[in-house]
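The values are calculated or read from the model by the stated rules, or taken from the named source; none is laboratory data. Predicted model only: the values in this text are computed from it and were never measured. FYI the Cβ positions are ideal-geometry reconstructions off the backbone, even for glycines, and counts take in every protein chain you see.
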Ligand SMILES: [Zn+2]
């Protein structure tokens, strides 16, 4: 098996005032993502200490949702009247709808092609209330948007779907929404994953993603469940807090994912979100990494990650400090093997 789960353990030594200034050792575990080499520091057993930062103030959350409902640009009436419309060359009817989900261009674009997708009419919704259908309809709108873009300009084939929920995750609007981003210039993480997958295939003659899932199923300690073609794991070297990852076997990109696979993917998302909610998590980021929309990257499997973010409350502290922002090293407060054992009951 060419996949190596590399880790190295070091210790931080201090004379600890909490232990009468006795010599105290704290275990610092360095891990590297087996595909990209991206580094993460795993601080096992630190979760209880950081729980105070994870937890949101429920009153603040209620206030945020209630106080932003009036004048919310994503609630149905305002959206119908005020939301921007797409370039008619791409979407002649102006907006794209599937079920309750509506897609329209971002008023302030972050990317050459940037749709905002409001997947549900309800303004105020908590993590365990988010239905699979909300994600399914939202993803369908994103995929239809990418299809129209690709028909309009076949060079626009690098795309991503992301979700930021609540301000700690970077969201400026409380109403749930997705962003669909597309360009002929790939986004950094997607580019790195696809390139590394291609290199792995050329070196080993097999797909990194099928090797990864086979290995994780064998080891079991980070393996959550399989539903249809979708496997869920907690990655060996997480890119964020309580990270869960879904890999859609044999599907390289969003143009070729079936409705069944998409439904299986969304069923897993709601399970993770229920687990997050029970752990006191109220804010999260999610991303779908896709190979080129036109195909041609069979060595890559489409995958999705969800990460928890710190809580929403007065005296908020960001979970991203210079370590992550400037030094490019992630930090998590429990081993992914523990995250897996905590989330596994939601996949029963
Ligand atoms: Zn709203």
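Can you pull out every residue in the stretch 109-125 that is more than 14 Å from the ligand (Cβ to nearest atom) and outside any loop (DSSP other than H, G, I, E, B)? Break it down stepwise before answering.
Going residue by residue through the stretch 109-125, those that are more than 14 Å from the ligand (Cβ to nearest atom) are 109-115.
Residues satisfying the conditions are 113, 114, 115.
Given the criterion buried (at least 18 other Cβ atoms within 10 Å of the Cβ), closer than 23 Å to residue 263 by Cβ and more than 13 Å from the ligand (Cβ to nearest atom), identify the matching residue among 140, 157.
Step by step, each of 140, 157 is checked, and only 140 is buried (at least 18 other Cβ atoms within 10 Å of the Cβ), closer than 23 Å to residue 263 by Cβ and more than 13 Å from the ligand (Cβ to nearest atom).
Out of the residues in the stretch 283-330 that are buried (at least 20 other Cβ atoms within 10 Å of the Cβ) and without any contact (Cβ under 8 Å) to a residue 60 or more places away in the chain, which is nearest to residue 157 (Cα to Cα)?
It comes out as 302.
Among the numbered criteria (1) closer than 28 Å to residue 324 by Cα; (2) surrounded by fewer than 16 Cβ atoms within 10 Å (Cβ to Cβ); (3) at pLDDT 95 or above, which single criterion is violated by residue 46?
Exception for residue 46: condition (3).
Please go through the stretch 126-137 and give me each residue that is away from the ligand (no atom under 15 Å from the Cβ) and in a helix (DSSP H, G or I), ordered by number. Let's see the steps before the verdict.
First, the residues of the stretch 126-137 that are away from the ligand (no atom under 15 Å from the Cβ): 127-128, 131-133, 135-137.
Within the stretch 126-137, 127, 128, 132, 133, 135, 136, 137 meet the criteria.
Is there a residue being within 22 Å of residue 176 (Cβ to Cβ) and in a strand (DSSP E or B) anywhere in the stretch 266-275?
Looking through the stretch 266-275, none of the residues is within 22 Å of residue 176 (Cβ to Cβ) and in a strand (DSSP E or B).
Answer yes if at least one residue in the stretch 181-200 is touching a strand residue (DSSP E or B) at 6+ places or on another chain (Cβ under 9 Å), buried (at least 22 other Cβ atoms within 10 Å of the Cβ) and in a strand (DSSP E or B), and no otherwise.
Looking for residues that are touching a strand residue (DSSP E or B) at 6+ places or on another chain (Cβ under 9 Å), buried (at least 22 other Cβ atoms within 10 Å of the Cβ) and in a strand (DSSP E or B), one finds at least one in the stretch 181-200, hence yes.
Return yes when residue 31 is modelled with pLDDT of 95 or more, under 30 Å from residue 197 (Cα atoms) and in contact with a strand residue (DSSP E or B) (Cβ under 7 Å, 6 or more places away or on another chain) and no when it is not.
Working: modelled with pLDDT of 95 or more: yes; under 30 Å from residue 197 (Cα atoms): yes; in contact with a strand residue (DSSP E or B) (Cβ under 7 Å, 6 or more places away or on another chain): yes.
When the stated conditions are applied, residue 31 passes them.
Find the strands (runs of 3 or more DSSP E) located wholly in the stretch 1-108 whose residues include 2 or more that are within 16 Å of the ligand (Cβ to nearest atom), and list them.
101-105
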